[in-house]
Amino acid sequence: MATPSSTRLDLDGNPIKPLTICMIGAGGFIGSHLCEKLMSETAHKVLAFDVYNDKIKHLLELETLPWNGRIQFHRLNIKRDSRLEGLIKMADLVINLAAICTPADYNTRPLDTIYSNFIDALPVVKYCSETNKRLIHFYTCEVYGKTIGSFLPKDSPLRQDPAYYVLKDDVSPCIFGSIEKQRWSYACAKQLIERLLKSGKVQQESLWDSRI
């Protein structure tokens, strides 16, 4: 396992300069594991944002830990916190993990789901664009919607043709469920933020071109 003191190299063999990473949603499942990796295997510094820090407390409590001073926790709700812009300005890279992404919530909390995945992400995108910060915004296959094959009759011979079930990012038609189906609130919100990021890259030639 690499240690923070180890020299990490890029694909060209050059030493990687330690970054200050602004991680929004650091207290969640993916965010907490990513923080652990960054602390144990890199020399990067993390500005960790979330409303809870239960999953990363073990990274913060002991001053004797080898990464002491490289991770700071900020209890922050991106919906309404004036500190967000200033903290993004301090970073070299922004990773946005803050979102409702639990299928059970799509039906019971559709409005919260839309706000969490689109409206609340807008300030993050705005500040990254204005300050020329690279943004990694987490992606989902749900933005592709349904396949054409899902609408074919059960006895249709076309059901054997994989062309009706393969989704391709640049050519597949986008088919979502009806407006009455709240389950699609997540997919619609995620696709809208994807379109915003894509439009920003095309129109402004900005650095927010990364997605996972």
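Inside the stretch 32-74, can you point out the residues that are touching a residue at least 60 places away in the same chain (Cβ under 8 Å) and of a type outside the set (D, E, K, R)? Explain how you work it out, then say what you get.
Keep residues of the stretch 32-74 that are touching a residue at least 60 places away in the same chain (Cβ under 8 Å), which gives 34, 66-67, 70.
Correct list: Leu34, Pro66, Trp67.
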Could you please give the count of residues in the stretch 5-26 that are surrounded by 10 or more Cβ atoms within 10 Å (Cβ to Cβ), of a type in the set (Val, Ile, Thr) and assigned to a loop (DSSP other than H, G, I, E, B)?
1
Report the residue count in the stretch 36-81 for those that are assigned to a strand (DSSP E or B) and surrounded by 15 or more Cβ atoms within 10 Å (Cβ to Cβ).
9
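Within the stretch 64-94, how many residues are over 18 Å from Glu41 (Cα atoms) and either of a type outside the set (Lys, Arg) or at pLDDT 90 or above (or both)? Step through it out loud before you land on a result.
Taking the stretch 64-94 and keeping what is over 18 Å from Glu41 (Cα atoms), we get 73-92, 94.
Okay, now just the ones that are also either of a type outside the set (Lys, Arg) or at pLDDT 90 or above (or both), so 73-78, 81-92, 94.
Of the residues in that region, 19 qualify.
Please pick out the residue among Asn107, Asn117 that is touching a helix residue (DSSP H, G or I) at 6+ places or on another chain (Cβ under 6 Å), within 16 Å of Ile78 (Cβ to Cβ) and at pLDDT 90 or above.
Numbers: Asn107 fails: within 16 Å of Ile78 (Cβ to Cβ).
Going through Asn107, Asn117 in turn, just one is touching a helix residue (DSSP H, G or I) at 6+ places or on another chain (Cβ under 6 Å), within 16 Å of Ile78 (Cβ to Cβ) and at pLDDT 90 or above: Asn117.
Which one is farthest from Leu197 (Cα to Cα) among residues in the stretch 85-104 that are in a helix (DSSP H, G or I) and either touching a Gly at 6+ places or on another chain (Cβ under 7 Å) or in contact (Cβ under 8 Å) with a residue 60 or more places away in the chain (or both)?
Initial filter on the stretch 85-104 (in a helix (DSSP H, G or I)): 85-89, 103-104.
Then keep just the ones that are either touching a Gly at 6+ places or on another chain (Cβ under 7 Å) or in contact (Cβ under 8 Å) with a residue 60 or more places away in the chain (or both); that gives 87-88, 103.
Numbers: Leu87: 21, Ile88: 17, Pro103: 24 Å.
This residue is Pro103.
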Do you know which residues across the stretch 147-182 are touching a Phe, Trp or Tyr at 6+ places or on another chain (Cβ under 7 Å) and surrounded by 15 or more Cβ atoms within 10 Å (Cβ to Cβ)?
Thr147, Ile148, Gly149, Leu152, Leu167, Phe176, Gln182
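The values are calculated or read from the model by the stated rules, or taken from the named source; none is laboratory data. Just so it is clear, the model here is predicted, and its values are computed rather than measured. All Cβ positions, glycine included, derive from the backbone under ideal geometry; neighbour counts span all protein chains shown.
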